[in-house]
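One structure is given below, encoded as structure tokens.
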Amino acid sequence: MIPADRITDILRCDFSQSTKDESPGGNTKRWVFLAISTSLGFLLKLSLKACQEVHREVHMSRRLILASGSEIRRTLLRNAGVEIDVVPARVDEAALRDAMIEDGAPPRDIADALAEMKATKVGAKEPDALVLGCDQILSFEKSILSKPQTKQDALAQLRDMRGKSHQLLSAAVIVEEARPVWRHVGVVRLMMRDASDAYLQEYVDRNWDRIRHSVGAYKLEEEGVRLFTQIQGDYFTVLGLPLLELLGYLGLRGVLKT
């Protein structure tokens with residue numbers, strides 16, 4: 001592309017050559033033309049600057065930040081070829097969750113609100129990025145289970161859920177310029193087998209370090225899969241991220257090639 005300054009110079013040069021031997025009236029025409037060519041050069045500069053600004057804004061908006069310290073979510077995204085920065089959100093999840101439970105909010109709304117809170121927290125400091133917040137809720141018999149604090153908590157949860165079904169709700173919210181622009185809540189129904197007390201105790205003892213940060217005290221991608229007889233829903237949602245829906249949105253936004 002020829003720079004705007006160069007176009008103006010060319011126009012001036014060509015015109016000065018063509019009007020060299022003109023009558024005195026040609027001087028007026030020459031100055032009029034120079035004024036027009038100068039204006040054209042100025043407009044071309046403005047147009048080029050505007051294009052550069054648009055390119056800069058689009059490029060910056062395509063940066064994706066994961067507002068979570070979850071290793072599995074980070075792994076899922078990177079395995080899918082999504083470039084991300086990780087900035088865990090520092091929020092009081094328990095306070096919001098407990099308040100919404102007390103108000104009688106449904107599990108879907110709680111998961112969605114927690115995901116939005118995380119994305120908004122990080123998004124306030126990263127206005128030029130797409131910030132992804134996530135959360136997962138386990139709904140069992142009209143109650144919401146939290147991550148186990150001790151081995152005894154984990155064992156008690158597994159004993160209560162064995163032989164019964166529960167739901168996992170994985171929410172994801174993307175915030176851009178301090179406002180949500182996309183959200184999705186995936187739901188999976190899981191049927192747990194009627195495992196013996198002895199097996200559950202052994203399971204918790206063997207896997208405590210890996211399940212202590214998992215809602216429901218199990219990891220489906222590991223030995224936890226042996227606890228179930230049936231799973232209805234998306235596997236990625238079980239892992240804590242509605243990945244397929246997220247990838248679809250990122251493709252529409254141009255963050256990912258499609």
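Below is a table of values for the structure above.
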item: Number of the condition not met by residue 203 [criteria: (1) over 27 Å from residue 113 (Cα atoms); (2) of a type outside the set (D, E, K, R); (3) touching a Cys at 6+ places or on another chain (Cβ under 6 Å)]; result: (3)
item: Candidate set: segment 121-140, residues that are over 20 Å from residue 185 (Cβ atoms) and in contact with a helix residue (DSSP H, G or I) (Cβ under 8 Å, 6 or more places away or on another chain); chosen: the one surrounded by the most Cβ atoms within 10 Å (Cβ to Cβ); result: 129
item: All positions within segment 64-81 that are outside any helix (DSSP H, G or I) and out of contact with any strand residue (DSSP E or B) (no Cβ under 9 Å at 6 or more places or on another chain); result: 80, 81
item: Residue list for segment 125-141, restricted to those being in contact (Cβ under 8 Å) with a residue 60 or more places away in the chain and of a type in the set (S, T, N, Q); result: 136
item: Which listed residue, of 108, 193, is farther than 18 Å from residue 93 by Cβ, modelled with pLDDT of 95 or more, among the charged types (D, E, K, R) and surrounded by fewer than 22 Cβ atoms within 10 Å (Cβ to Cβ); result: 193
item: Test: residue in segment 156-173 that is in contact with an Asp or Glu (Cβ under 7 Å, 6 or more places away or on another chain) and crowded, with 22+ Cβ neighbours inside 10 Å; result: yes
item: Strands (runs of 3 or more DSSP E) completely within segment 130-229 that count 3 or more residues being of a type in the set (D, E, K, R) and under 31 Å from the mean Cα position of the chain (by Cα); result: 179-192
item: Filtered residues of segment 132-160 (kept if touching a Leu at 6+ places or on another chain (Cβ under 8 Å) and hydrophobic (A, V, I, L, M, F, W, C)); result: 132, 134, 137, 138, 144, 145, 155, 158
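The values are calculated or read from the model by the stated rules, or taken from the named source; none is laboratory data. These figures come from a predicted structure and were not determined experimentally. Using ideal geometry, Cβ is built from the backbone for each residue, glycine included, and neighbour counts are taken over all protein chains shown.
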